[in-house]
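Asker: Just passing along the structure, written as structure tokens.
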Amino acid sequence: MFDVLIRNGKIVDGSGTPAYAGDVAVKDGRIAAVGQVSGPATRVIDAGGKVVAPGFIDPHTHFDVQLLWDGAARPALAHGVTSVVPGNCSLSLAPLKANDRKTLVGMFQQIEEMPPEAFTEAFEWTWEDFGGYLAALRSKLSVNVAPLVGHSVIRLWVMGEAAAKRAATPDEIAKMQDLLRECLDAGAVGLSTSFVDMDEHGWPVPSRFAEFDELDALCAVLGEYGRMLQCVPEFYAVDLTIARIDQLAELSIRHDIPTTFSPLFDIALAPDNAPRAIARVEEQFARGARVWPQMQTRPIDISFSLLRPSLFFARLPRWVQVLRQPLEARLAALRDPDTVQKMVADVGPDGGEAMMGRLIVRGGDTAPADLVGQTLSQVAEARGEVPALALINLSLEHGLDVAFLSASMGHEVTDRIGPMLAHPLVHIGASDGGAHLASFATYGDTGYLFSEFVRGSGAMSLEQAVRKITAETADIWGLKDRGRLEAGRHADVVVFDPDLIARGEERPVFDMPGDGMRYVRDAIGVDTVLVNGKVAYEGGAYTDVKSGVFCV
Amino acid sequence: MRAQLEAVIVSVEIAPAHDGAAELLVRLRHPNGGEETVSIDAEIGFRLMRNCGASDLAGLAGQSWRRMMNE
């Protein structure tokens, strides 16, 4: 008797080989059989017309905090994601001494934009060591978790306040090595570090004070376990990124470890950047290094409100002059008819239609609900104003707390992005799930992969796309028995409609602790998700199953 | 004639940052003729404009990259 039998599906097994009609049987959390399967089952799922694939794996998330009250990492699970990697960018919730919690919370809030209540009301902070953090999560998980340990918190544990001030001594480095070993023994999938991130005061995070010898010593420990080094390189300058690729390659070869860096994205204004980085990756793989660039599928939007100065207006002298003033002076200027008249004149004779007309009014702030989703052009027409004036007046009417979105401003040219995502050495990831909560939705990149690059441009076959976010990811990270539909492997399975799977429209929700807001995207076309053989999501709803495990 | 000893801003464009904010994509020319593109965020971008006395992006072209530093 099988526990679950998924029948009549189109099997896309994660290997990249052609899909075929068949069934998937599950028993005791593992895949019992794939193909033409007969026999009784406690639960039969009809997958007629649907794809049956391994659960998707998201290798770059910041779900560290959210998992403590939401073991499904919502809405990631609904999108078919069955395994997530938190702890990226040098930050994890352990190991951390109780006295250092405030310091780490500041760094997390800077990256994740999570409300303070998330740290004070949503869970009881009982642990200091890495094993304690995993114990706090263990019974809550609906998704699998492969947690990274953060370099910044390792430094903080060993060096205290000096972690964000200076290089480490040989003795401190040795202590960091011991601590990293302890974390890896407890279940960490690797180490994350950052050469870019800042804390809430604009000060570099501790990992940025490490000298190469320190990173080398920590990678020697990763080498003992064959574990991953994740890194945020100086992605704002491609020459520096390439230098980091070379450094990661040296570490990879010297210690026989996989390494990965993110983000890598394409900007039309600097079209050589991403191809140059990928070319360097090719060179380093040819030398025997493993340096996996992570590239996101979704385009990058620009969002802003007049509450904070935005460079979106940097071509407009009057706007720059007004918007970079302190808030009270800015409000006074925006209420002054002469100033506003000059600002409107700044945008040209069309009143800003060309520059601003396609801006979209976002929800989640004080914007009237009936305007959310409308273009500024529509809003302006209804008000009888030109777009620039409508933007100013609408903002003034709501204390400047109205956000506008300029969609698909970067990483948006499908014909360029598709071949890069399909490149055998490009790792699809960098979703940042669980981060940037109040800025944009970090969910649904997998749906977008299928809608835009499989059904849309055809840059990838269905089988290639599934392999990229399942078997390939599991192999890169060494996630044992994950990522493929094969007998004996863990039964992480997603059933989806290949003609429908996509990401929904971005929308604000207030489901963070303290009624905190975040942007999400709902899943489209995902029918059923199994995690370790249990149905965790079906028919548009989460079940109560907590079958997620640490999947290292 | 004094030789150019520091990087100079060639052009500046508005681009999206990884975090969804607007940033500046600055094209620099180094004294040896090499060029590169560097992204800078809003805080540094507005500081650069202020230090250069530029009322908009057009005023940045030809300025020394050193002006990005606090002055």
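Asker: Semi-axes, largest first, in whole Å: what does sqrt of 5 times each Cα gyration tensor eigenvalue give for the protein assembly as shown?
Answerer: 40, 30, 24
Asker: What is the dipole size for the protein assembly as shown, taken about its Cα centre, with +1 at each Lys and Arg Cβ and -1 at each Asp and Glu Cβ, in debye to the nearest 20?
Answerer: Dipole about the Cα centre, nearest 20: 520 debye.
Asker: With both partners inside the protein assembly as shown, how many of the DSSP beta bridges are antiparallel, as a percent to the nearest 5?
Answerer: Once the DSSP bridges in the protein assembly as shown are tallied, antiparallel ones form about 65 percent.
Asker: Continuing with this model, one more query. Taking chain B as the reference, fit the longest principal axis to its C-alpha atoms, fit the long axis of helix B:42-52 to the helix C-alpha atoms, and give the angle between the two in degrees, 0 to 90, nearest 10.
Answerer: 40 degrees
Asker: Taking the number of other C-beta atoms within 10 Å as the exposure measure, put A:ARG227, B:ARG66 in order starting with the fewest.
Answerer: The fewest-first ordering by Cβ neighbours comes to B:ARG66, A:ARG227.
Asker: From the convex hull of the Cα coordinates of region A:468-552, what is the mean projected area in square nanometres?
Answerer: 7.2 nm²
Asker: With 22 Å as the cut-off, how large is the P(r) tail for region A:367-453, expressed as percent of Cα-Cα pairs?
Answerer: 47 percent
Asker: Also, quick follow-up: Return the whole-Å distance between the Cα centroid of region A:522-550 and the Cα centroid of region A:406-438.
Answerer: 25 Å
Asker: Now a separate question. Output needed: percent of Cα pairs per 10 Å distance bin for region A:176-305, bins running from 0 to the one holding the longest distance.
Answerer: 12, 39, 34, 13, 2
Asker: Another one. Pull up all non-local amide H partners of A:VAL520: gap of 5 or more, or a different chain, and H-to-H distance under 5 Å with H placed in the peptide plane.
Answerer: Amide H neighbours of A:VAL520: A:ARG507, A:VAL509.
Asker: I've got another one for you. Determine, for A:ARG155, A:ARG358, A:ARG318, the number of other Cβ atoms within 10 Å of each Cβ, and report the residues in order from fewest to most.
Answerer: Fewest-to-most Cβ neighbours within 10 Å comes out as A:ARG358, A:ARG318, A:ARG155.
Asker: How big is region A:98-230 on each of its three principal axes, counting only the C-alpha atoms and giving the largest first in Å?
Answerer: Principal axes ranked by extent give 39, 34, 23 Å for the Cα atoms.
Asker: Out of every Cα pair in region A:138-194, what percent are spaced more than 17 Å from each other?
Answerer: When all Cα pairs of region A:138-194 are counted, 43 percent exceed 17 Å.
Asker: How long are the semi-axes of the equivalent ellipsoid of region A:283-323, defined as square roots of 5 times the Cα gyration tensor eigenvalues? Whole Å, largest first.
Answerer: Whole-Å semi-axes of the equivalent ellipsoid: 41, 13, 8.
Asker: Something else: State, in angstrom, two size descriptors of region A:187-240 derived from its alpha carbons: Rg to one decimal place and Dmax to the nearest whole number.
Answerer: 12.5, 36
Asker: Another question, then. Using modelled amide H (1.01 Å from N, peptide plane; none on Pro or chain starts), what sits under 5 Å from the amide H of A:ASP301, excluding residues fewer than 5 places away?
Answerer: Amide H neighbours of A:ASP301, under 5 Å, 5+ apart: A:SER408, A:MET409.
Asker: Using the Cα atoms of region A:409-484 to build a convex hull, what is its mean projected area in square nanometres?
Answerer: 5.6 nm²
Asker: By count of other Cβ within 10 Å, fewest leading, how are A:LYS480, A:LYS175 ordered?
Answerer: Going from least to most buried by this count: A:LYS480, A:LYS175.
Asker: Same structure, new question: Can I get the semi-axes of chain B's equivalent ellipsoid? Compute them from the C-alpha gyration tensor as square roots of 5 times the eigenvalues, in angstrom, largest first.
Answerer: Equivalent ellipsoid of chain B: 21, 14, 10 Å, largest first.
Asker: Hey, another quick one. Report the Cα centroid-to-centroid distance between region A:282-304 and region A:142-191 in angstrom, as an integer.
Answerer: Answer, in whole Å: 25.
Asker: Hey, which of these cross-link pairs are over 19 Å Cα-Cα: A:LYS102/A:LYS140; A:LYS27/A:LYS546; A:LYS140/A:LYS480; A:LYS27/A:LYS534; A:LYS102/A:LYS175?
Answerer: A:LYS102/A:LYS140; A:LYS140/A:LYS480; A:LYS102/A:LYS175
Asker: Right, another one. Tell me the volume per residue, in Å³, of the convex hull enclosing the alpha carbons of region A:36-155.
Answerer: 139 Å³
Asker: Still on this structure: Going toward the positive end of the dipole of the protein assembly as shown, with +1 on Lys and Arg Cβ and -1 on Asp and Glu Cβ, which of A:LEU91, A:GLY187, A:PRO317 do you reach last?
Answerer: Farthest along the dipole direction, towards plus: A:GLY187.
Asker: Rg to Rh for region A:502-552: what is it, with Cα atoms only and Rh by Kirkwood?
Answerer: A ratio of 1.05.
Asker: May I pose another question? I need the per residue convex hull volume for region A:323-386, using only the alpha carbons, in cubic angstrom as a whole number.
Answerer: Roughly 109 Å³ of hull volume per residue.
Asker: Run lengths n ≥ 4 of DSSP H only: what is the helix-derived mean residue ellipticity at 222 nm for the protein assembly as shown, with -39500 (n - 2.57) per run over all residues, to the nearest 500?
Answerer: -8500 deg cm²/dmol
Computed from the coordinates by the stated procedures, all read-outs in this text should not be read as laboratory data. In this text the structure is predicted, and so the values were computed from the model without any measurement. Counting neighbours? That spans all protein chains shown, and the Cβs are built from the backbone with ideal geometry, glycine included.
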